[in-house]
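Below is one structure, written out as structure tokens, with a few remarks after it.
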Amino acid sequence: MIVELDRVTVAYRTVTVLEEVSLKVFRGSFLAVIGPNGAGKTTLLKVILGLVRPVEGTVRVFGRDPRHLGAERRAIGYVPQTAAVDRHFPLRVADVVMMGRYGRIGLVRRPSAADREAARRAMERTGVTHLANSPLGRLSGGQRQRVLLARALACEPELLILDEPAAGVDVPATESLYELLRDLHKDGLTTLLVSHDVGVVAAFVDGVVCLNRRLVAHGRPEEVLGSEELAQMYGCAAVFFHHGRAPHMVVARDECWS
Amino acid sequence: MLELIGHTFMQRALLAGTLVGILCAVVGVYVVLNGLSFMGAGIGHASFGGVALGFLLGVNPLLTAVVFCLGTAWGVGLVTRKTSLREDTAIGIFFACTMALGILFLGLTPGYGVDLFGYLFGSILAVTRQDLWLALLLTPAVLAVVALFYKELLFVSFDPEMARVAGLPVDRLHSLLLVLVALTVVGAIKIVGIVLVSALIVAPAAAARQLTEDFHRMMWLAPAIGAASTVAGLLLSCWLDTASGATIVLVATAFFAVAAALRRGILPTG
Ligand SMILES: Nc1ncnc2c1ncn2[C@@H]1O[C@H](COP(=O)(O)OP(=O)(O)O)[C@@H](O)[C@H]1O
Ligand SMILES: [Mg+2]
């Protein structure tokens, strides 16, 4: 087991954002977290990353408190929400990807040949090698996400955490991004993903967690997506239909997701 | 013009000016990229209270200025963390308070006159041997710290959250940055003056930002523009008999305007 949350409650000042959330992420699994905006999905990831401290409950990542993870910290790759990254910062793609190594390199030291090699491999894997010299500000949404994914992979993680990686990415780029995530998972990377594309994600994850402050439902995608709980969570008509083997969910966006 | 350069005071001012121009611009890169311009202005103006206290107590005003600058940087952080106020509000409070203290201290000090003018607006004649020594020590020291923590300061500036995930001491690096700003302010006071010091920190870095999308290149361009601004500004101010600090800042601003025009294609690029 890589991540274990036990009745975790998080509050920002007096507002409770997560309530008694218990969750396990097993090695080699691919888990999707879904839920409406403001459900606490990002907060849940931050708890796992050790950025937010729960007011109650325990968190274990690689068997330790994520805020005192020490060297294991390097084994976590994180792709934040796009909004969290300053796209007007003067940096080239290769520099951004190299940052994924900084935690491993250590204070004051310079990147070694091995670091450069790891960054190169990460760029190759995500197909951004040809962009190495491009400024961050000139990338499309899809390219930017791949670069951030390359940065996360550059640290050679055992656990990959992504926060809405498809936000602001067009449909073809989203599909190829998910395909890449699926390949990475096949190669043994434990993946935890926050996503709005419930239907698409359901086709290849092996677990879905529905979150709306509390854990609403948790299980295999086909169990969760047809469940009463999910329809209740969105509080409006959620219609599922099967397209090929992947269940798709349609919700009235403006009513439910705003 | 040439004969002016022959004078010791002018050589001293030019050397100190070059060093301070480089120092301000390098620290300015982080200030600009971290959105700390107002913080820079706040720390810059806080030095007024410190300088005035120095006059009152009869100690070197730059010493008391360091205390005020560091105190403001620390105090703003404290107020922001302990209240639900935004950082700019905290800066606004400290800005006003330190200036008011400065005015109060000056009121209690008899006959500060000419000296104060040098501190407020900068003056070539006010650059003493001591000030030159300060610049000679401070500039390499700050640059060494920047070189040492180059990748960490970059990471924290670009993506503090990710830096925290990677295990970097983000809060301490942020404090380090503010300490560098405070030291830079004190190093530059005698050249450009309290009122304009934050402009010399921001303008060359902002100009460099217009000219490149590459951080490492920005780190070379900004100090080049900073040094060029102080040297050209000092010479111009002698030649035109204008206030040195104001002339330097206007030259730096002109660099920024030209760079911004180049970026937007208003001027043809070479
Ligand atoms: N730093 C913060 N301070 C105060 N409230 C916050 C903070 N971050 C998030 N919140 C609040 O917590 C709730 C959950 O936010 P978040 O975890 O970002 O949800 P999601 O990612 O599911 O949209 C929201 O109501 C949000 O406004
Ligand atoms: Mg979110």
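The values are calculated or read from the model by the stated rules, or taken from the named source; none is laboratory data. These figures come from a predicted structure and were not determined experimentally. Here the Cβ is made from the backbone with ideal geometry for all residues, glycine too, and neighbour counts use every protein chain on show. Just the protein is used for accessible areas: all its heavy atoms, side chains included, with ligands, DNA and RNA removed. Shrake-Rupley method; radii C 1.70, N 1.55, O 1.52, S 1.80 Å.
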Exercise for the section: Please determine, in degrees from 0 to 90 and to the nearest 10, the orientation of helix A:141-154 with respect to the longest principal axis defined by the Cα atoms of chain A, where the helix direction is its Cα long axis. Expected result: 70
Practice task
Obtain the nm distance between the two label points defined at B:Asp241 and B:Arg217 by a simple spin-label model: each point lies 7 Å from its Cα along the Cα-to-C-beta direction.
Solution key: 4.4
Practice task
Count charges around A:Val59 for me, please; just the other residues with Cβ under 12 Å from its Cβ, Lys/Arg as +1, Asp/Glu as -1.
Solution key: +3
Completion exercise
Residues meeting the amide H criterion for A:Gly207 (H placed from the backbone, H to H distance under 5 Å, 5 or more places apart or on another chain) are A:Phe30, A:Ala32
Fill in the blank from the handout: If amide H atoms are modeled at 1.01 Å from N in the peptide plane, then the residues at a separation of 5 or more from A:Leu160, or on another chain, having amide H under 5 Å from its own are A:Gly77, A:Thr190, A:Thr191, A:Leu192
Completion exercise
Residue-ordered couplings for the range B:62-78, obtained by feeding phi - 60° into the Karplus form 6.51 cos²θ - 1.76 cosθ + 1.60 and rounding to whole Hz (Gly and Pro as x), are 5, 5, 5, 5, 4, 4, 5, 5, 5, x, 5, 4, 5, x, 4, x, 5
Exercise for the section: For A:Glu222 and A:Arg53, calculate 0.36 nm times their separation in residues minus their Cα-Cα distance, and state this gained length in nm to one decimal. Expected result: 57.6 nm
Practice task
Would you jot down the residues in the range B:164-185 that end up with at least 40 Å² less accessible area in the complete protein assembly than in the chain alone, with a 1.4 Å probe?
Solution key: B:Val165
Problem - Calculated FRET value between A:Asn133 and A:Ala113, using beta carbons and R₀ = 22 Å, to 0.05 - result: 0.65
Practice task
Give the interface area between chains A and B as buried accessible surface, both sides summed, probe 1.4 Å, in Å² to the nearest 100.
Solution key: 2700
Problem - Distant-in-sequence amide H partners of A:Val17 (H built 1.01 Å from N, under 5 Å) - result: A:Val10, A:Ala11, A:Tyr12
Practice task
Report the calculated FRET efficiency for A:Asp187 and B:Thr109 (r = Cβ-Cβ distance, R0 = 56 Å), to the nearest 0.05.
Solution key: 0.20
Practice task
Could you pull the Cα extents of the range A:3-255 along its three principal axes, largest to smallest, in whole Å?
Solution key: 53, 40, 33
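How much accessible area per residue does the range A:3-255 have, counting only protein heavy atoms and a probe of 1.4 Å, in square angstrom?
That works out to 45 Å² per residue.
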Practice task
Quantify, in whole percent, the carbon and sulfur part of the accessible surface of the range A:3-255 (1.4 Å probe; protein heavy atoms only).
Solution key: 46
Problem - FRET efficiency estimate (nearest 0.05) - Cβ-Cβ, A:Thr9 to A:Asp86, R0 30 angstrom - result: 0.45
Practice task
Using label points projected 7 Å from each Cα along Cα→Cβ, tell me how many nm separate B:Val59 and A:Ala71, to one decimal.
Solution key: 4.7
Completion exercise
If each K or R counts +1 and each D or E counts -1, the residues other than B:Arg172 whose Cβ falls under 12 Å of its Cβ total -1
Exercise for the section: May I ask for log10 I(q)/I(0) of the protein assembly as shown at q = 0.12 Å⁻¹, from a Debye sum over the Cα atoms as equal point scatterers with solvent left out? Expected result: -1.09
Exercise for the section: Could you count how many Lys pairs in the protein assembly as shown have their Cα atoms under 30 Å apart, skipping same-chain pairs fewer than 8 positions apart? Expected result: 9
Practice task
Provide a list, ordered by number, of residues in the range A:77-123 showing at least 50 Å² less accessible area with every protein chain present than when their chain is taken on its own, using a 1.4 Å probe.
Solution key: A:Tyr78, A:Phe89, A:Pro90, A:Arg92, A:Met99, A:Tyr102, A:Leu107, A:Val108, A:Arg110
Fill in the blank from the handout: For chain A, the longest principal axis of the Cα atoms and the Cα long axis of helix A:171-186 enclose an angle in degrees, to the nearest 10, of 80
Handout entry: Range of Cα positions in the range B:2-262 per principal axis (Å), largest first
Key = 56, 45, 32
